[in-house]
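The values are calculated or read from the model by the stated rules, or taken from the named source; none is laboratory data. In this text, all values refer to a predicted model and were calculated from it rather than measured experimentally. Heads up, the Cβs are rebuilt from the backbone with ideal geometry, glycines too, and the neighbour counts pull from every protein chain shown. These accessible areas exclude ligands, DNA and RNA; they are computed on the full protein's heavy atoms, side chains included. Shrake-Rupley method; radii C 1.70, N 1.55, O 1.52, S 1.80 Å.
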Amino acid sequence: MLSRTTKEQESQRRNEIRSRLLAVARKTAEAAAQEYSAPEGLDEDTVQSRREEFGLNKITRQQKESLFKRVFKAFIDPFTSILLLLASVSFVTDVVLADPGEKSVMTVVIVLTMVMISGFLRLIQETRSGSAAARLSEMVKTTATVERRWPVEDDETSDEPRTVSERREVQLEDIVVGDIIHLSAGDMVPADVRVIRVKDMFVSQAALTGESEPQEKTAAPSDKAEPLECQNLAFMGSNVISGSAVAVVVAVGNETLFGSIAKSLNTPAVVTSFDKGVNSVSWILIRFMLVMVPVVLFLNGFTKGNWMEALLFAITIAVGLTPEMLPMIVTTCLAKGAVAMSKKKTIIKHLNSIQNFGAMDVLCTDKTGTLTQDRVVLEIHMDVLGNVEPRVLYHGFLNSYYQTGLKNLIDIAIIDKAKDEIGGDKELQRFTALYEKVDEIPFDFERRRMSVVVANKQGKTQMITKGAVEEMLEVCAFVEYKGEVIPLTDSLRIDILNTVARFNDDGMRVIAVAQKNDPSPVGAFSVADETDMVLIGYLALLDPPKITTEPAIRTLKEYGVSTKVLTGDNDKVTRCICKQVGLQVDNLLLGSDIETMNDAELAKAVETTNVFAKLSPQQKARIVTTLRANGHTVGYMGDGINDASAMKAADVGISVDTAVDIAKESADIILLEKDLMVLENGIIEGRKTYANMIKYVKITASSNFGNMFSVLVACAFLPFLPMLPLHLLILNLIYDISCTALPWDNVDVEYLRKPRKWDASSVGTFMLKIGPTSSVFDITTYLLMFFLICPGLCGGNWATIKDDAVLRASFIAIFQAGWFVESMWSQTLVIHMIRTPKIPILQSRASFPVFAITLLGMAALTAIPFTALGTRFGLARLPGVYFAWLALTIVCYMLLAQWMKHRYVKRYGELL
């Protein structure tokens with residue numbers, strides 16, 4: 001009943017939100033603004049009262065997980081669930097059904113200890129990585145431009161507090177109902193808003209509707225039946241593709257449309273190749289356990305005749321074969337990588353991104369602001385003949401200054417240059433006072449140009465357009481040539497392109513500037529006015545590469561990662577930049593070439609092409625998707641709105657702190673430093689993460705298979721159990737503790753040179769080939785103990801003493817102690833043997849934590865038979881001669897293991 005009531009309340013709330021949005025959509029823009037706000041924006045007191053009334057602009061579904069939920073997730077997974085089930089069965093057999101004198105909770109305690117160790121370590125590492133990411137995330141701020149009446153500080157001329165109306169950047173969560181916000185290309189829509197003034201604004205609502213096509217927004221009233229169909233409403237969760245608008249906030253936080261449907265949007269994450277790899281490995285180990293345990297149960301039951309003892313031994317075998325440390329190892333490796341990257345000022349938004357970073361074999365990158373510095377320098381302003389011409393700079397300045405869209409690096413460079421040329425801020429203000437902005441046609445990635453319309457004091461109206469040279473020539477019919485306006489002929493067009501080509505060859509980006517007097521009347525300007533324009537000249541800009549770009553590309557190549565440049569810039573500038581950063585252009589394709597290709601043709605082309613120029617955002621995403629379909633693990637690095645789609649399509653999206661909001665939102669990894677060499681650190685951490693995870697998987701798989709092979713031999717031929725269930729549990733507990741150090745292990749430098757993907761298919765082969773190596777020496781230990789050590793200490797062989805209860809118990813205790821110690825030594829040393837294809841210690845050393853914890857584990861377990869605890873566990877002291885034989889056994893084991901590794905690598909190419 002409670003659930004039904006909650007659903008009814010949610011439905012009622014959604015209907016209220018829907019009704020409120022439709023009501024404001026039906027009003028005129030003026031009426032909506034008057035109802036919610038004030039002409040010059042809200043004052044400070046109103047902002048505070050609105051915040052108290054409507055709350056912060058946050059969605060509560062994004063609240064941090066409770067401690068209880070984090071603890072539950074850390075301790076409960078498929079492996080620990082198996083252990084808890086086995087502990088429950090053991091409790092029934094060892095305590096509930098056992099005779100009063102034989103009741104024991106030791107098995108249950110040891111199994112629960114394993115669960116506790118795995119859970120606590122997993123919880124600690126997840127908390128550490130989460131805290132590190134949270135601290136860094138506070139450094140990345142997403143803001144919106146808000147127009148309010150701000151208080152004037154230190155005003156001593158008036159007793160009344162004064163305010164000034166101006167635009168300022170505020171944090172998204174500080175936006176309140178009634179705020180006047182200014183939106184432009186690249187902005188995230190910060191709340192549900194009613195558009196009151198707009199210029200060619202298109203918004204992507206894919207997060208809300210799933211539609212990839214952007215929606216155009218208008219300010220006119222709407223009588224649509226659904227909020228998402230109203231063209232005068234924009235919603236939290238959407239982003240501006242192009243154009244600009246002024247809007248009034250009508251809903252924030254949970255009262256937005258996004259907030260009302262947050263639960264339906266909270267769909268499960270896509271299963272990545274990493275998740276698939278971990279799951280497939282997990283099921284290989286679980287299936288192996290499910291097959292082997294019944295075999296051990298029936299073999300022991302039929303050969304020994306004691307089915308209860310056989311059941312207890314089978315339960316113990318199941319515990320030993322359960323890779324209960326795998327979730328902890330995976331989480332710890334990923335968290336360790338995330339913490340390591342956080343120290344290098346890199347935010348890992350999703351833990352799995354670390355491993356995907358290491359698996360990456362292709363890095364696609366934008367050029368401007370990514371490979372190049374996040375600044376552009378205007379070097380030359382010139383006429384069409386290449387001569388310096390101040391008028392071109394002034395026209396370019398008016399275009400950049402008055403446009404309300406996203407002021408990119410080019411606009412900033414033009415404004416800075418004009419400031420220097422004109423004589424500072426005051427002179428610049430005098431110059432801009434001579435003009436008044438009338439209208440604009442914002443930039444978009446199809447036209448590749450933008451226009452503003454200004455009027456001077458004499459009433460002359462002028463449209464000024466700047467953009468890519470080829471696209472500008474399409475709309476120009478005339479050209480200022482040697483002081484005269486003449487028709488743009490084909491020969492002049494060739495001269496212009498040759499002039500531009502010379503600057504492009506020098507690595508300069510050239511944009512054209514054109515103008516047109518007295519275009520359409522006010523209010524009627526449109527893209528159609530961009531015709532019959534007069535080309536007046538060019539602006540040549542230098543886009544210098546980052547100092548770290550060349551060494552970063554070279555390093556990526558050394559690590560098996562090929563770099564592909566995907567840019568919207570022209571091919572000549574791109575070639576020059578590639579040359580400057582040491583990237584050889586094997587082949588270059590333009591967006592126009594890609595547009596004519598079908599999927600099969602593009603799939604072939606992306607393999608032989610490393611530079612793509614003049615691309616649209618959709619073409620960038622298509623190239624990334626095609627590379628992934630070809631089997632590559634693809635990273636995409638960008639900082640602009642035109643990169644967001646490609647970043648989402650990639651396995652790993654990488655952005656920078658200075659990127660636009662939507663780019664940072666789309667990224668998996670955010671670089672807070674401008675040093676591209678941090679990419680090397682990310683790749684190394686990703687590959688270390690994979691290496692140490694696969695070490696645990698293959699070590700555990702081969703060790704388990706070897707142990708099972710040994711147990712089956714013992715069950716078939718020995719007249720008693722080779723070890724008691726309790727012994728196996730203690731052995732498994734200490735081995736698990738030894739494995740907890742693996743995330744901190746060293747990784748061979750050679751192993752880091754290649755991209756690494758999860759490959760579960762190799763685990764089975766590895767298990768079958770390497771696992772039986774330890775079984776050889778388990779069997780030699782059986783023979784040693786059964787025919788030499790035990791008879792020597794008991795005064796006779798098994799046939800002569802088996803009927804004597806005391807000698808029989810002593811014989812079994814000595815035998816079990818011998819295999820107990822040998823099994824620990826071989827099982828622990830396998831960590832050192834399999835962690836590297838090289839010769840352990842001599843050519844490749846484990847980290848100190850691995851050395852220390854494995855050494856302590858062997859020492860502790862070797863000491864147990866010599867203690868009172870060992871006697872209580874049914875183990876006997878071992879003679880000195882045993883350790884001489886043990887040393888010989890271990891040396892032979894290491895030699896055989898090294899030989900088997902060599903053969904395995906020779907046949908399959910690599911060990912791990």
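Quick one: 3J(HN,Hα) in Hz for segment 286-296, Karplus 6.51/-1.76/1.60 with θ = phi - 60°, rounded, Gly and Pro as x.
5, 4, 4, 5, 5, 7, 6, 4, x, 4, 5
Multiply the residue gap between Trp307 and Arg877 by 0.36 nm, knock off their C-alpha separation, and tell me the result in nm, one decimal place. Present the calculation step by step, with values, prior to reporting the outcome.
Numbers: separation 570, 0.36 × 570 = 205.20 nm, distance 2.93 nm.
Result: 202.3 nm gained on full extension.
Show me 769-782, 584-597, 678-691, 167-180 ranked by packing, highest mean number of other Cβ atoms within 10 Å first.
Details: 769-782: 20.9, 584-597: 14.6, 678-691: 23.9, 167-180: 18.9.
Top to bottom by mean Cβ count within 10 Å: 678-691, 769-782, 167-180, 584-597.
How far apart, in nm, are the 7 Å Cα→Cβ label points at Gln458 and Glu601?
Taking the simple label geometry, Gln458 and Glu601 are separated by 5.3 nm.
Taking amide H atoms as placed 1.01 Å from N in the peptide plane, list the residues 5 or more away in sequence, or in a different chain, whose amide H sits under 5 Å from that of Leu615.
Placed amide hydrogens put Thr567, Gly568, Asp569, Gly591 under 5 Å from Leu615.
Taking amide H positions as placed 1.01 Å from N in the peptide plane, with prolines and chain starts having none, which residues 5 or more places from Arg149, or on another chain, fall under 5 Å of its amide H?
Result for Arg149 returns Leu42, Asp43.
For Leu842 and Phe866, compute 0.36 nm times the residue count separating them, minus their Cα-Cα distance, and round to one decimal in nm.
Values: separation 24, 0.36 × 24 = 8.64 nm, distance 3.24 nm.
My answer for the length gained is 5.4 nm.
Convex hull volume of the Cα atoms in segment 769-809, per residue, in Å³? Display every interim value, and only then the final one.
On the way: hull volume 2.8 nm³, N = 41.
Taking only Cα atoms, segment 769-809 has a hull volume of 69 Å³ per residue.
For segment 766-912, compute the orientation-averaged projected area of the C-alpha convex hull (one quarter of its surface), in nm². Display every interim value, and only then the final one.
Values: hull surface 39.5 nm².
Computed as one quarter of the Cα hull surface, the answer is 9.9 nm².
Do me a favour and compute the ellipsoid semi-axes for segment 824-910 from its Cα gyration tensor, root of five times each eigenvalue, largest one first, whole Å.
30, 15, 10
Place the peptides 823-836, 45-58, 410-423 in order of packing, highest mean first, counting for every residue the other Cβ atoms within 10 Å and averaging per peptide. Can you show the working numbers first?
Working: 823-836: 23.4, 45-58: 15.6, 410-423: 17.8.
Ranked from most to least packed, the peptides come out as 823-836, 410-423, 45-58.
Using only Cα positions of segment 857-905, each an equal point scatterer, no hydration layer, compute I(q)/I(0) via Debye at q = 0.21, 0.27, 0.29 Å⁻¹ and quote the log10 values to two decimals.
For segment 857-905, the Cα-only Debye profile gives -0.79, -0.97, -1.02.
Give the long-range amide H neighbours of Thr163: residues separated by 5 or more places, or on another chain, with amide H under 5 Å away, using H modelled in the peptide plane at 1.01 Å from N.
Correct list: Val152.
Cα centroid distance between segment 705-762 and segment 440-516, in Å?
About 71 Å separates the Cα centre of segment 705-762 from the one of segment 440-516.
Using 0.36 nm per residue of separation minus the Cα-Cα distance, give me the extension gain between Glu427 and Asp804 in nm, one decimal. List each step's numbers first, then the result.
Working: separation 377, 0.36 × 377 = 135.72 nm, distance 11.15 nm.
Full extension of this stretch gives 124.6 nm more.
Can you tell me the convex hull volume per residue for segment 603-644, based on C-alpha atoms, in Å³ to the nearest whole number? Intermediate values should be presented prior to the final figure.
Details: hull volume 3.2 nm³, N = 42.
Output value, Cα hull per residue: 75 Å³.
Per residue, what accessible area does segment 15-54 have, given a 1.4 Å probe and all protein chains present, in Å²?
Working: 2450 Å² over 40 residues.
Spelled out: the 1.4 Å probe surface of segment 15-54, per residue, equals 61 Å².
Kindly give the semi-axes, whole Å and largest first, of the ellipsoid equivalent to segment 571-638, taking each as the square root of 5 times a Cα gyration tensor eigenvalue.
Details: eigenvalues 77, 38, 26 Å².
Its equivalent ellipsoid spans semi-axes of 20, 14, 11 Å.
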